[in-house]
Amino acid sequence: MKVVKFGGSSLACGETFQRVKNIITADPARSVVVVSAPGKRFSGDTKVTDLLYVCHSHIRYKVSFDDMWEDVAGRYREIVKTCGLSDNIEQYLDEVRESMTRSASIDDIVSRGEYLNARLMAEYLGYDFVDAKEWLHFNYDGTVDYEGTYQSLRELYAKHPHMVLPGFYGTLPDGKLHVFSRGGSDVTGALAAAALSAESYENWTDVSGIMMADPKIVDNPKIINRITFSEMRELSYMGAEVLHQETVFPVRQANIPLYIKNTNAPEDPGTLIMESFTDEDGDESTHFITGITGKKHYSIITISKTSMTDDISFVRRVLEVTEKYNLTVEHIPSSVDSFSLVIATKALSGCLHALIADIQSQCNPDTVKVCDGIGLVAVVGRRMAGAPGVSGKIFGTLGERGINIRMVEQGSDEINIIVGVEEADFITTIQTLYNSFT
Ligand code: ASP
């Protein structure tokens with residue numbers, strides 16, 4: 001059995017609904033389906049979830065939301081018409097609209113996009129509709145109650161071997177609805193796959209997989225065929241938008257292969273994400289590196305003190321100061337008599353001067369220097385581990401292009417190398433590295 005999740009662009013209108021049905025019926029194992037709300041049909045269009053957020057604001061400020069609601073209802077009516085579904089939708093729409101005029105919470109309201117889409121998809125496929133409120137349980141702090149969630153879905157699956165589940169929401173212990181952060185249907189699908197020990201979790205979207213680099217920086221980047229969960233974590237932490245970040249945990253823990261596939265090109269192989277790959281020795285089809293990504297707007301604060309290594313509490317004391325200001329220190333490259341803190345510039349705004357004053361008074365360094373305008377670029381690849389010469393190639397290639405490297409860092413598992421460069425060199429750095437490794 002496979003769990004399949006379709007994102008908003010795959011379910012934006014009647015025509016894409018038909019495409020989705022073809023994909024599901026092409027493989028009988030695709031028996032548990034998770035849906036998002038209708039997304040954008042074209043660039044400049046508005047997602048139903050966004051319309052619902054606006055409905056909520058209108059209600060809150062006691063402004064009529066009739067026009068906005070008609071836009072929402074119209075999206076579902078078009079799907080019903082194009083797919084030849086029954087007019088049950090009118091009853092669901094009336095119920096939802098009516099609940100919105102009572103004191104529905106923001107989470108109640110925005111969750112209805114997925115709810116209505118799941119109702120329609122269930123009818124269209126002839127599968128059972130199973131409401132997320134029956135099985136996806138949150139704790140009061142908004143974290144998922146994994147055990148309760150898995151148990152409930154297993155019981156439901158025994159009664160509904162073919163089901164459509166709305167993504168994005170679940171219930172708190174008091175029964176109130178609660179939603180994930182945006183894009184959370186990815187997580188719903190991962191939880192369903194883990195609960196049911198699915199053979200795989202297929203995440204269907206509008207691209208043919210994860211790209212090796214940002215298409216806004218590199219022209220037509222190649223698709224990554226295979227990537228490990230750790231590599232994906234590195235890439236997304238450093239800026240590549242892939243899946244909702246909570247998606248990985250359930251499938252990784254249950255060791256379920258995760259595919260990213262394209263609803264508009266179902267025959268494309270997509271990207272396969274797994275814990276590890278054991279069959280790649282000598283495989284030339286996989287690139288030496290998996291992907292390149294990066295983030296701009298970093299500051300480097302360099303703290304120097306002669307004989308720093310003799311003062312064993314020095315680094316701790318500095319970090320205590322950054323902790324006081326609640327700062328995330330992303331990297332700490334060091335030399336004998338100095339070390340640097342790499343911190344997002346935005347996080348420092350409003351506290352930089354106080355921070356430096358505190359470091360000076362509490363840690364007594366020789367100097368503290370701040371340098372802004374740094375971009376971090378990460379080269380990620382499991383095949384770099386144990387392979388001599390990769391960092392040499394990175395430095396050599398960038399050196400030939402006249403790009404000065406301000407900082408270097410490599411994790412000891414050797415799956416990533418991060419270089420800090422001037423922001424003016426950020427794009428050229430990514431392009432140069434992409435070209436030299438592909
Ligand atoms: N519809 C929600 C959103 O737009 C959740 C999702 O699509 O995953 O964020």
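The values are calculated or read from the model by the stated rules, or taken from the named source; none is laboratory data. Just so you know, these numbers come straight off a predicted model, no measurement behind them. Note: ideal-geometry Cβ built from the backbone for every residue, glycine included; neighbour counts use all protein chains shown.
Brief remarks follow.
- Restricted to the stretch 232-256, and to residues there that are among the charged types (D, E, K, R) and in contact with a helix residue (DSSP H, G or I) (Cβ under 6 Å, 6 or more places away or on another chain), the residue that is surrounded by the most Cβ atoms within 10 Å (Cβ to Cβ) is Arg252.
- Selection status of Tyr115, more than 16 Å from the ligand (Cβ to nearest atom), at pLDDT 95 or above and closer than 23 Å to Lys81 by Cα: no
- Pro38 being surrounded by fewer than 22 Cβ atoms within 10 Å (Cβ to Cβ) and assigned to a loop (DSSP other than H, G, I, E, B): no
- Residue tally, condition in contact (Cβ under 8 Å) with a residue 24 or more places away in the chain, away from the ligand (no atom under 12 Å from the Cβ) and more than 25 Å from Tyr124 (Cα to Cα), over the stretch 49-79: 4
- Between Thr82, Thr46, the distinction of being of a type in the set (S, T, N, Q), within 16 Å of the ligand (Cβ to nearest atom) and at pLDDT 95 or above belongs to Thr46 only.
- Wholly enclosed strands (runs of 3 or more DSSP E) of the stretch 335-432 bearing at least 1 residues modelled with pLDDT of 95 or more and surrounded by fewer than 16 Cβ atoms within 10 Å (Cβ to Cβ): 367-380, 416-422
- When every residue of the stretch 152-172 is checked against the conditions, at least one turns out to be among the small types (Gly, Ala, Ser) and under 23 Å from Ile260 (Cβ atoms).
Residue-by-condition table, conditions (1) under 22 Å from the mean Cα position of the chain (by Cα); (2) crowded, with 21+ Cβ neighbours inside 10 Å; (3) on the phi < 0 side of the Ramachandran plot:
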residue	(1), (2), (3)
Lys2	yes, yes, yes
Arg19	no, no, yes
Ala26	no, no, yes
Ala29	no, no, yes
Val33	yes, yes, yes
Cys55	no, yes, yes
Ser64	no, no, yes
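- Restricted to strands (runs of 3 or more DSSP E) entirely inside the stretch 161-276, those with at least 2 residues that are within 16 Å of the ligand (Cβ to nearest atom) are 163-166, 169-171, 177-179, 200-205, 258-262.
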